[in-house]
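The structure appears below as structure tokens.
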Amino acid sequence: MTSSELPRKEANVLKGHEGAVLAARFNSDGNYCLSCGKDRTIRLWNPHRGIHIKTYKSHGREVRDVHVTPDNSKLCSCGGDRQIFYWDVSTGRVIRKFRGHDGEVNAVKFNEYASVVVSAGYDRSLRAWDCRSHSTEPIQIIDSFLDTVMSVCLTKTEIIGGSVDGTVRTFDIRMGREISDDLGQPVNCISMSNDGNCILASCLDSSIRLLDRSTGELLQEYKGHACKSYKMDCCLSNSDAHVIGGSVDGSIFFWDLVDASVVSKFRAHSSVVTSVSYHPKDNCMITASVDGSVRVWKT
């Protein structure tokens, strides 16, 4: 993919949130997206047509993260009210609330079977919750972090957490063992490459680091953007050819995965870019910002 094929043209602006949008995520097939924010709501959109479909309201404080199941039937969300909400997408009803974190919750993810939700919290823990049972107790608590856990990724057998303590920790659920990679800088977001071999970690020293999952080796660093205090997403394009991240000034950066050069940069928002999500198949992405908007970008 050449830089001219990167999604830089604004296709739609999704407006409706009052205040900062803290996360925006495509669903698994890329036909829909979800956003959440300071206004305590989650919104479902058709980003390609620029249409707002539904609003989900029940959180008592800001909503920091949202994730939808592969079949689009359920979603989970978390935020400042310390709870994880498990929703029915079509009715907008809260099926269950998981309580147990001793602080605000930063991130949530379903496992691939949509049977378990894993949450990352200010209380230095990752917690796993069983969506199928009626118990509100977590089925697992991982509390070996020394500071806030900001972000979580899941594989079939592992839970991976990124923390302000400067580590990315991988927990093998089957083997019951933990591997810790210390980056020496607070980690505010992690995401996995599409081939599953690497972890991308955004750090608060304004750099994004690429780690080899099998060895923990630092493969590359991406710089040029500013990220010192906000939680800001980073991700890879669906072909794993480019690294994408936002900046405090509202810019989006595209780096070449291999040589870490800035291939493209443009101003996407008038304020901090909080979230980036890349379409699973097409050259399309969505970005969210403190400016209250979600924007859809195409080639």
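The values are calculated or read from the model by the stated rules, or taken from the named source; none is laboratory data. Being a predicted model, the structure only gives us computed values, none of them experimental. All Cβ positions, glycine included, derive from the backbone under ideal geometry; neighbour counts span all protein chains shown. Surface areas here come from the heavy atoms of the whole protein model, side chains and all, with no ligands, DNA or RNA. Shrake-Rupley method; radii C 1.70, N 1.55, O 1.52, S 1.80 Å.
Report every pair of residues separated by at least 6 positions or lying on different chains whose Cβ atoms are under 6 Å apart, first residue within region 219-231 and crowded, with 21+ Cβ neighbours inside 10 Å, second assigned to a loop (DSSP other than H, G, I, E, B).
Close Cβ pairs satisfying both conditions: Tyr222/Ala260; His225/Ser247; Cys227/Ser206.
Are any residues in region 50-63 in contact with a Gly (Cβ under 7 Å, 6 or more places away or on another chain) and open to solvent by less than 50 Å² (accessible area, probe 1.4 Å), and if so, which ones?
Tyr56, His59, Glu62, Val63
I need a count of the residues in region 65-119 that are among the polar types (S, T, N, Q), surrounded by fewer than 17 Cβ atoms within 10 Å (Cβ to Cβ) and at negative phi.
So in region 65-119, the residues among the polar types (S, T, N, Q) come out as 69, 72-73, 77, 83, 90-91, 106, 111, 115, 119.
Now restrict to residues that are surrounded by fewer than 17 Cβ atoms within 10 Å (Cβ to Cβ): 72-73, 90-91, 115.
Adding the requirement that they be at negative phi leaves 73, 90-91, 115.
Count: 4.
Does Arg209 count as out of contact with any helix residue (DSSP H, G or I) (no Cβ under 9 Å at 6 or more places or on another chain), in contact (Cβ under 8 Å) with a residue 24 or more places away in the chain and over 25 Å from Val66 (Cβ atoms)?
yes
Specify which of the listed residues (Ser239, Ser270) is hydroxyl-bearing (Ser, Thr, Tyr), in a loop (DSSP other than H, G, I, E, B) and within 21 Å of Ser193 (Cβ to Cβ).
Only one candidate qualifies: Ser239.
Out of all the residues in region 1-49, which are within 20 Å of the chain's Cα centre (by Cα), surrounded by fewer than 16 Cβ atoms within 10 Å (Cβ to Cβ) and without any contact (Cβ under 8 Å) to a residue 40 or more places away in the chain?
Asn31, Asn46
May I ask you to verify whether Leu257 is under 18 Å from Gln185 (Cβ atoms), at pLDDT 95 or above and in contact with a strand residue (DSSP E or B) (Cβ under 9 Å, 6 or more places away or on another chain)?
For Leu257, the condition - under 18 Å from Gln185 (Cβ atoms), at pLDDT 95 or above and in contact with a strand residue (DSSP E or B) (Cβ under 9 Å, 6 or more places away or on another chain) - is not met.
Answer yes or no as to whether Thr136 is touching a residue at least 24 places away in the same chain (Cβ under 8 Å), surrounded by fewer than 20 Cβ atoms within 10 Å (Cβ to Cβ), out of contact with any helix residue (DSSP H, G or I) (no Cβ under 7 Å at 6 or more places or on another chain) and in a loop (DSSP other than H, G, I, E, B).
Details: touching a residue at least 24 places away in the same chain (Cβ under 8 Å): yes; surrounded by fewer than 20 Cβ atoms within 10 Å (Cβ to Cβ): yes; out of contact with any helix residue (DSSP H, G or I) (no Cβ under 7 Å at 6 or more places or on another chain): yes; in a loop (DSSP other than H, G, I, E, B): yes.
Against the criterion (touching a residue at least 24 places away in the same chain (Cβ under 8 Å), surrounded by fewer than 20 Cβ atoms within 10 Å (Cβ to Cβ), out of contact with any helix residue (DSSP H, G or I) (no Cβ under 7 Å at 6 or more places or on another chain) and in a loop (DSSP other than H, G, I, E, B)), Thr136 qualifies.
Of the numbered conditions (1) surrounded by fewer than 24 Cβ atoms within 10 Å (Cβ to Cβ); (2) hydroxyl-bearing (Ser, Thr, Tyr); (3) in contact with a Ser or Thr (Cβ under 7 Å, 6 or more places away or on another chain), Ser275 fails exactly one; give the number of that condition.
(1)
For region 242-259, how many residues are surrounded by 17 or more Cβ atoms within 10 Å (Cβ to Cβ) and assigned to a loop (DSSP other than H, G, I, E, B)?
Narrowing region 242-259 to residues surrounded by 17 or more Cβ atoms within 10 Å (Cβ to Cβ): 242-248, 250-255, 257.
Narrowing the set further to residues that are assigned to a loop (DSSP other than H, G, I, E, B) leaves 247-248, 250, 257.
Final tally of qualifying residues: 4.
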